[in-house]
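Comments concern the structure below.
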Amino acid sequence: VSKQDLEDTYNVPFKACVLEGKVASVMCSYNQVNGKPTCADSNLLKNTIRGDWRLNGYIVSDCDSVGVMYTSQHYTATPEDAAAESIKAGLDLDCGPHLAVYTEGAIKQGKLKEVDVDGALANTIAVQMRLGMFDGPRQPYANLKISDVCLGSSNQLALEAARQGIVLLDNRGHGPPLSIARHHTVAVIGPNSDVTVTMIGNYAGIACGYTTPVQGIARYVKTIHQRGCSDVSCRGNQLIGPAEVAARHADATVLVMGLDQSIEAEARDRTNILLPGHQQELISRVAKASRGPCVLVLMSGGPIDITFAKRDPRITAIIWAGYPGQSGGTAIADILFGTTNPGGKLPMTWYPQEYLAKVPMTNMGMRADPAHNYPGRTYRFYKGPVVYPFGHGLSYTTFRHSIAKAPTSLLVPMLSIHLENNNSTTLTNGVRVSHTKCSTLSSSLHINVENTGTMDGTHTVMVFSSPPAGKWATHKQLVAFQKVHVAAGGLQRVALDLHVCKHLSVVDQFGIRRVPMGEHTLHIGDLKHSLAIKPTIDEIKY
């Protein structure tokens, strides 16, 4: 992985979690990065995470990451070496048995000092103390029961999270929202139409209770239920006929399709990004048979190439529900019938299937490399066709942005000793963020959001920035966002902070973050706003 991509992409979310989120723990992964296991990389663990980012907590391995350094990766000659290398690099806790079994031997063999173990122990126990684990029966988390989890407020939060997370991808304007006055009977079809545990994805606890999609819809209207496929793999098409019959006899049809943990999960990679088996055939045949509007609802964690459905005029709307949790069925029904106005946005690009052939999983590069037919990754660097772009999401109402207040220029102070050879070099290369006073370089952006439709709605204002044209890639990246609820016909003002060093900087090929001088562009919906960044010289005062 290049220094540029590490600083510009891969380290960014972890840095934000430590510096801004104040997390108490960071996990190092199984794999090696540039030839070094992350759990034995002192530059990453000690220098970066605990040093530069000032982690106040402990570093833990992914389960068995220490053991595989010896058993699978053959990075160390002995198991004791793996224990010693990890602890010396800054690992505090092992998820797995390796340190428990081999640390004492590493000390006896002189590969590790007891003081190193004491440091790891102190980091771990300090967090346990913060959690009150040594406070005896007074500790509030010692006796939690199901009743503490399944509170009414918690169930309401699960429902609200599902409502906010659902994304309306397409809507051709003649339903949804469905109407209980016009759509008395709804055919609910598909392998995910009556699922429970599918909705909570993986790494989940035990749900307090489920509402499946067909149950949620049945709270509004009479339903006719047909699965259409026995499961999401949909290996046969024998059940499609009865589904077509149901669609013919209903006032509206809702297809609940997509994936589950049998298709995408830890240690289970998808072989393509199409719908599995006969799902496409089921969707197309049912849409054709449907007497009324036909809505496609998708459950999945990752993107799906559903180009065929986008192009099918019989499919009136497409909704992505993700894995919406225990109340997913209620939330889906609330959005279908307009009790909730959808406001979710896609958290990733949805690529076409042919994109996969051009991005081998062994290539970690973010930037496009046309010479090797490599298209680049994510909305920031990939410029080819997409099924749906990052940040996409529709509403039953319409919104209009206008800029109420925005800076047109900002001065970046720098010390004269940091001028690189001459002024023109600084203007070309940009100012290193380490050579300016980042803490003082911020401004605010005020956006008016007007609801120009007839329904109250929630809108997420997203601000993207792109650097000056020239040597820097002209990609834009998300720098600020805020969700705002606006009544029909109403107007709300949103204030967003812009930090020059964080939001208007780029990373050069050596992994150095710089602020390019010149005209930056802010993108808010269809609006564009120019912001000139100019250097100013601070003289050293003796």
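The values are calculated or read from the model by the stated rules, or taken from the named source; none is laboratory data. Values in this document were obtained by computation on a predicted structure and should not be read as measured data. Virtual Cβ from ideal backbone geometry, glycine too; neighbours counted across all protein chains shown. With ligands, DNA and RNA removed, areas are computed over all heavy atoms of the protein, side chains included. Shrake-Rupley method; radii C 1.70, N 1.55, O 1.52, S 1.80 Å.
Some observations on this one:
- For segment 122-173, the ratio of Cα radius of gyration to the globular rule of thumb 2.2 N^0.38 Å stands at 1.97.
- Backbone N under 14 Å from the I146 label point (7 Å along Cα→Cβ), restricted to segment 201-223: 206-210
- Solvent-accessible area of K471 with every protein chain in place, 1.4 Å probe, in Å² to the nearest 10: 120 Å²
- A simple spin-label model places the labels of H372 and L478 2.8 nm from each other, with each point 7 Å out along Cα-to-Cβ.
- Which labelled figure in [x] 23.4, 73; [y] 24.3, 80; [z] 26.9, 87 is Rg and Dmax of the Cα atoms in Å, once derived from the coordinates: [z]
- Counting only DSSP H runs of at least 4 residues, each contributing -39500 (n - 2.57), and dividing by the residue count of the chain, the helix-based mean residue ellipticity at 222 nm comes to -6500 deg cm²/dmol.
- When both bridge partners sit in the chain, DSSP labels roughly 60% of those beta bridges antiparallel.
- Largest to smallest accessible area among R248, R493 [probe 1.4 Å]: R493, R248
- Over 32 Å (Cα to Cα) - which of K145/K345; K36/K437; K471/K528 fall in this group: K145/K345; K36/K437
- Whether segment 118-220 is rounded, prolate or oblate, judged on the alpha carbon gyration tensor where a/c under 1.5 counts as rounded: prolate
- Residues H485, H401, sorted by accessible area with the largest first, give H485, H401 [1.4 Å probe; ligands and nucleic acids excluded].
- nm² value of the averaged projected area, convex hull over the Cα atoms of segment 452-542: 8.5 nm²
- Global geometry of segment 195-301, whether rounded, prolate or oblate, following the gyration tensor of its Cα atoms and the 1.5 cut on a/c: oblate
- On the beta carbon distance between S402 and S439, with R0 = 30 Å, the FRET formula returns roughly 0.45.
- Candidate aspartates and glutamates - alpha carbon under 13 Å from K15, same-chain residues fewer than 8 apart omitted: E7, D52
- For segment 164-213, radius of gyration divided by Kirkwood radius, i.e. Rg to Rh on alpha-carbons: 1.04
- Accessible area of K437 in the full protein assembly, 1.4 Å probe (Å², nearest 10): 110 Å²
- Added length on full extension, which subtracts the Cα-Cα distance from 0.36 nm per residue, R248 to E104: 44.7 nm
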